[in-house]
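Student: The structure follows.
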Amino acid sequence: MERWVIYAILSMCFAGFTAVIAKQGMMGISAELGLTVRTMFVCIFVLIFAALSVDPMEIKVLQKVNYIWLALSAIATAFSWVFYYKALKVGDVATVALIDKGSVVIAMLLAWFLLKEAITLRMLLGAGLIVFGLVVIAKK
């Protein structure tokens, strides 16, 4: 199995834990405060991770375009997290997490449109199943 697949599977597992743990962590507090505290911990962890993993010489190759795209990604992430936590605070974890995973379909379409990545029949079928699952689970 390729390394990137292992990383993606680990990401999936940790993302699943995140939703349940976050819901528990927000008991008695607002979604906004829960997100703020969580983000502080994420920031500290990522800074430590970078200090241990990033070669200082690599920082010199950063260009304006890197900053622009990564800043846009950070803004999108912030909005995603804000709305995810608001939904998680009042909704069922499984339903909120599944709707959030609809982002796979959006990412696939954006990658096709912006990055010219190919969309195969297999990917279309998978995206269709995700959308179908969203409709089935989100409908009461």
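Just so it is clear, none of the values below were taken in a lab; they were calculated from the coordinates. Given the structure is predicted, the values throughout are model-derived calculations rather than measurements. We place every Cβ from the backbone using ideal geometry, glycine too, and count neighbours over all the protein chains shown.
Student: Measure out, as a whole number of angstrom, how far apart the alpha-carbon centroids of region 1-70 and region 109-132 sit.
Tutor: If you average the Cα positions of each part, the centres end up 25 Å apart.
Student: Highest mean first, how do 49-57, 83-91, 117-125 rank when packing is the count of other Cβ atoms within 10 Å averaged over residues?
Tutor: Packing proxy ranking, top to bottom: 83-91, 117-125, 49-57.
Student: May I ask you to compute the full-extension gain from residue 101 to residue 46, defined as 0.36 nm times their residue separation minus their alpha-carbon distance, rounded to one decimal in nm?
Tutor: The residue 101-residue 46 span can extend by a further 17.5 nm.
Student: What shape does the chain have by the C-alpha gyration tensor, where a ≥ b ≥ c are the square roots of the eigenvalues, rounded means a/c under 1.5, and otherwise prolate means a/b greater than b/c and oblate the rest? Write out the running numbers ahead of the final one.
Tutor: Working: a/c = 1.83, a/b = 1.09, b/c = 1.68.
Here the chain falls in the oblate category.
Student: Of 81, 16, 125, which is farthest on the positive side of the dipole of the chain, counting Cα position, with +1 on Lys and Arg Cβ, -1 on Asp and Glu Cβ, and the Cα centre as origin?
Tutor: Most positive-ward Cα: 125.
Student: Quick check on packing: order 7-16, 23-32 by the mean number of other C-beta atoms within 10 Å, highest mean leading.
Tutor: 23-32, 7-16
Student: Helices from the chain with mean Kyte-Doolittle at least 1.6 and a Cα length along the axis of 20 Å or more, per DSSP H: which?
Tutor: Within the chain the helices that satisfy the rule are 31-53, 121-138.
Student: Shifting gears a bit: Which value, in debye to the nearest 20, describes the size of the charge dipole of the chain about its Cα centre when Lys and Arg Cβ atoms bear +1, Asp and Glu Cβ atoms bear -1, and nothing else is charged?
Tutor: Here the chain has a charge dipole of around 300 debye.
Student: Here is a follow-up. Helix-derived [θ] at 222 nm for the chain: sum -39500 (n - 2.57) over DSSP H runs of at least 4, divide by residue count, nearest 500?
Tutor: The helix-only estimate for the chain comes to -27500 deg cm²/dmol at 222 nm.
Student: OK, next. For a paramagnetic label modelled at 7 Å from the Cα of residue 15 toward its Cβ, which residues of region 84-128 fall within the zone defined by backbone nitrogen distances under 12 Å?
Tutor: In region 84-128, the label zone of residue 15 (backbone N under 12 Å from the point 7 Å along Cα→Cβ) covers 97-108.
Student: Using the count of nearby Cβ atoms within 10 Å as a rough guide to exposure, how do 3, 38 rank from fewest to most? Before the final figure, lay out each step's value.
Tutor: Working: 3 7, 38 17.
So the ranking, lowest neighbour count to highest, is 3, 38.
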